[in-house]
Amino acid sequence: MQASRARLFKEYKEVQREKVADPDIQLACDDTNIFKWTALIKGPSETPYEGGVFQLAFAVPEQYPLQPPQVRFLTKIFHPNVHFKTGEICLDILKNAWSPAWTLQSVCRAIIALMAHPEPDSPLNCDSGNLLRSGDIRGFHSMARMYTRLAAMPKKG
Amino acid sequence: MDSEDEFDMHDANGDDDDDNDDDFYSGGDDDAAAAMDSDEADVADYEFIDNDSDDSDDIASHRYQQNYTVLTEADIHQRQEEDIMRISTVLSISEVAASVLLRHYNWSVSKVHDEWFADEEKVRKVVGLLEKPAFASPNVRELICGICFEAYPLDRMYTAACGHPFCSTCWTGYISTAINDGPGCLMLRCPDPSCTAAVGQDMISRLASAEDKQKYSRYFIRSYVEDNRKTKWCPAPGCEYAVDFIVGSGSYDVTCRCSYSFCWNCTEEAHRPVDCGTVAKWILKNSAESENMNWILANSKPCPKCKRPIEKNQGCMHITCTPPCKFEFCWLCLGAWSDHGERTGGFYACNRYETAKQEGVYDEAEKRREMAKNSLERYTHYYERWATNQSSRQKALADLQQMQTVALEKLSDIQCQPESQLKFITEAWLQIVECRRVLKWTYAYGYYLPEHEQAKRVFFEYLQGEAESGLERLHQCAEKELQVYLNAEGPSKDFNEFRTKLAGLTSVTRNYFENLVRALENGLSDVDSHGATCSRAASSKSLGGTSSKGRGGRGKATTSRSSSSSRNIDDSGHWSCEHCTFANVKTATVCQMCHQRR
Ligand SMILES: [Zn+2]
Ligand SMILES: [Zn+2]
Ligand SMILES: [Zn+2]
Ligand SMILES: [Zn+2]
Ligand SMILES: [Zn+2]
Ligand SMILES: [Zn+2]
Ligand SMILES: [Zn+2]
């Protein structure tokens with residue numbers, strides 16, 4: 001508990017210090033609980049998520065960083081490895097490939113990479129996975145684009 | 001429910017068995033030394049090899065090439081150490097590195113050799129054995145730990161071969177998490193996500209807690225058995241032995257030092273002559289039907305005559321109702337015992353499943369008719385016989401134990417016979433135990449034997465029936481007739497006759513079962529060559545040739561079956577019964593064993 005708190009505090013200070021180091025990621029710690037974090041990440045360019053801003057929620061376990069944090073999308077996203085209803089993410093580094101040398105920041109980077117390179121073979125969103133697997137790239141793009149516009153872009157006007 | 005899935009297992013009765021011709025059931029047909037009055041124990045053919053130390057060495061050396069070794073934990077440890085040493089020496093690497101390599105290649109020494117000498121650099125990369133550090137520590141007094149991000153003096157930092165520094169607290173936590181996650185800890189890598197450097201046993205011993213170290217070595221030794229293609233744990237509950245098997249060397253049946261016999265391939269209990277696929281299907285079927293089968297397993301049935309409930313507490317199927325009824329009947333089919341066996345002049349009446357059973361014979365007729373509706377009846381027939389033989393075998397095992405610990409000594413005193421001369425009783429019981437096992441599995445075989453293969457079915461049921469009736473006679477003799485001598489006040493005049501009878505029945509039953517096993521292992525192919533016959537003459541002939549190779553030392557009553565003129569009479573004037581192969585004395589006109597006329 002003490003070790004995880006100390007480590008999270010280090011990450012917190014690092015985030016404060018390097019706020020502009022990675023313009024695509026904005027990590028913030030909950031005001032009252034250092035084990036709860038949120039992040040805003042920018043949809044990577046040349047993907048249907050471009051132009052969208054997606055919110056992530058982190059729940060950090062007491063064994064952190066020996067155990068990975070739990071992360072999910074708060075913003076609706078149409079992606080084969082993200083559960084459409086719960087926002088749960090299927091990503092190996094959040095499970096068995098976790099390393100205690102990862103940080104919340106590097107988890108965000110890994111999620112951005114996942115948005116650009118979906119893994120249709122381990123889908124949490126079957127509709128989306130099936131579109132990609134059947135080679136219907138256009139179908140996938142238009143769905144993902146539509147949800148990005150609906151959920152991840154600031155309303156105009 | 002009835003799964004016809006294909007099972008991805010080796011076929012226990014595959015063609016590669018041919019080279020293993022010397023074991024129990026594969027007696028050569030050319031050797032006609034089938035003897036009845038064995039004076040040399042044949043015990044070592046069976047499961048209790050260890051009990052019979054006086055001649056087991058002998059047997060192991062010249063007629064029983066064992067294709068497996070039972071390993072204790074100490075043996076496993078020693079073999080593991082030896083393999084590690086071997087790799088360490090040949091590859092000139094540390095023992096820790098050798099362990100990492102061996103674990104990666106599932107403890108196959110030859111695979112490690114091949115891969116290493118084909119492309120050492122590639123192997124090092126895959127396995128994580130770095131030759132030089134990937135990370136050079138800057139020349140400073142303090143370093144930042146890559147996990148807790150605290151700065152520590154150099155002497156509190158530890159690194160794997162790669163050089164990535166972490167503090168001892170973080171290492172301990174990292175290692176502990178991995179160990180408590182399971183056997184994957186044996187392939188642990190550096191915590192740095194971009195680094196593949198292996199974290200070996202040296203790091204574990206330096207940095208893990210005592211409790212974790214102990215868990216780690218459990219996984220380490222278990223891995224040598226579980227990840228090794230040639231080794232498996234004995235599946236008996238509580239048994240800690242492993243069995244090392246020479247793959248491709250024949251029959252998969254092995255017997256652990258704890259006396260449990262199992263199939264090395266599928267780890268179910270030993271099921272020769274039935275193949276693994278059939279066994280797996282059958283077990284799946286049983287679990288699917290288990291609820292329906294519960295009522296069948298009830299240990300009491302009504303007497304077919306007086307309807308009083310009878311409990312079966314003996315191993316043999318011949319039940320006698322309590323006085324005054326005293327009706328003798330068969331536990332399996334509830335038919336009169338007098339209708340059973342050779343006296344009916346045909347099949348042993350009980351093994352054969354007939355679709356059109358007469359109505360009203362059974363007390364459970366109502367229930368059964370209902371079951372027939374959902375096609376359970378056929379299955380029930382086979383299941384009941386399978387399960388009954390199973391419990392009969394358990395009972396026989398217990399009886400054998402009791403015999404060896406108590407009864408033989410008592411019998412020796414009463415009958416004034418040295419215990420060494422009572423070996424025939426142990427032999428009889430060993431035969432019963434083994435036969436019950438085989439018989440049990442033939443019912444699974446029978447269930448899956450296609451209905452349309454009529455000729456094979458008839459042949460199979462004939463062989464099974466003969467074997468079963470032989471076994472029932474033997475079991476009854478060993479169980480009930482023996483009691484008379486055990487309860488006697490003093491020596492009985494006819495004890496020697498009893499000896500002859502029981503030894504004879506043992507030998508006859510062995511013959512029947514050898515036939516049965518061989519026929520099933522050949523896929524009943526004899527049916528084709530014999531022109532789909534099951535006539536008594538044809539099969540008695542094949543029964544005649546069931547002697548076994550190298551089982552010498554009791555050739556007195558041999559029957560020479562090669563020449564047809566003297567087929568039934570041997571040198572000493574005995575004649576061999578056409579029906580059961582028993583060697584009768586010259587003067588007898590009726591077989592002493594099965595009461596058939598000569
Ligand atoms: Zn540390
Ligand atoms: Zn490293
Ligand atoms: Zn065992
Ligand atoms: Zn098997
Ligand atoms: Zn009765
Ligand atoms: Zn019967
Ligand atoms: Zn006979």
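Taking the range B:165-176 as the range and being more than 8 Å from chain A (Cβ to nearest Cβ) and closer than 15 Å to B:Gly200 by Cβ as the test, the residues that pass are B:Trp171, B:Ile175.
Here A:Gly135 does not qualify as small (Gly, Ala, Ser) and surrounded by 14 or more Cβ atoms within 10 Å (Cβ to Cβ). Scanning the range B:180-196 for residues that are at the interface with another protein chain (Cβ under 9 Å from one of its Cβ atoms) and touching a helix residue (DSSP H, G or I) at 6+ places or on another chain (Cβ under 6 Å) turns up just one, B:Pro191. Just so you know, in the range A:54-75 the residues that are crowded, with 17+ Cβ neighbours inside 10 Å and touching a residue at least 60 places away in the same chain (Cβ under 8 Å) include one that is nearest to the other protein chains (Cβ to nearest Cβ), and it is A:Pro65.
Okay, residues lined up against (1) of a type outside the set (S, T, N, Q); (2) more than 10 Å from every other protein chain (Cβ to nearest Cβ); (3) within 42 Å of the chain's Cα centre (by Cα):
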site	(1), (2), (3)
B:Glu131	yes, yes, no
B:Asn139	no, yes, no
B:Glu142	yes, yes, no
B:Ile147	yes, no, no
B:Ala151	yes, yes, no
B:Ala160	yes, yes, no
B:Ala178	yes, no, yes
B:Ala198	yes, yes, yes
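Scanning the range B:151-184 for residues that are among the β-branched types (Val, Ile, Thr) and under 21 Å from B:Gly128 (Cβ atoms) gives B:Thr159, B:Thr172, B:Ile175, B:Thr177, B:Ile179.
For the range B:134-161, the set of residues classified as within 15 Å of B:Ser194 (Cβ to Cβ) and not hydrophobic (A, V, I, L, M, F, W, C) consists of B:Gly146, B:Thr159, listed by residue number.
In the set B:Arg156, B:Arg218, only one residue is away from chain A (no Cβ under 11 Å), free of Cβ contacts under 8 Å to residues at least 40 places away in the same chain and more than 29 Å from A:Ser4 (Cα to Cα); that residue is B:Arg218.
Of the numbered criteria (1) more than 15 Å from ligand 4 (Cβ to nearest atom); (2) in contact with a strand residue (DSSP E or B) (Cβ under 9 Å, 6 or more places away or on another chain), the one B:Cys234 fails is (1). What number of residues within the range A:76-113 are hydrophobic (A, V, I, L, M, F, W, C) and within 14 Å of another protein chain (Cβ to nearest Cβ)? Residues that pass the stated criteria total 11. Residues in the range A:23-38 that are under 21 Å from A:Thr148 (Cβ atoms) and either out of contact with any Cys (no Cβ under 9 Å at 6 or more places or on another chain) or at pLDDT below 95 (or both) were compared, and the one that is nearest to the other protein chains (Cβ to nearest Cβ) is A:Ile25. Only a single item in (1) surrounded by fewer than 21 Cβ atoms within 10 Å (Cβ to Cβ); (2) under 27 Å from B:Glu268 (Cα atoms) is not met by B:Tyr485, and it is number (2).
If you check A:Arg7, A:Arg17 for being within 22 Å of B:Ser194 (Cβ to Cβ) and within 14 Å of another protein chain (Cβ to nearest Cβ), only one passes: A:Arg7.
Out of (1) assigned to a helix (DSSP H, G or I); (2) among the charged types (D, E, K, R); (3) within 16 Å of ligand 2 (Cβ to nearest atom), the odd one out for B:Asp192 is which? (1) is the only condition that B:Asp192 fails.
The values are calculated or read from the model by the stated rules, or taken from the named source; none is laboratory data. Since the model is a prediction, treat every value here as computed from it, not as a measurement. Cβ coordinates were reconstructed from backbone atoms using ideal geometry, including for glycine residues, and neighbour counts include every protein chain displayed.
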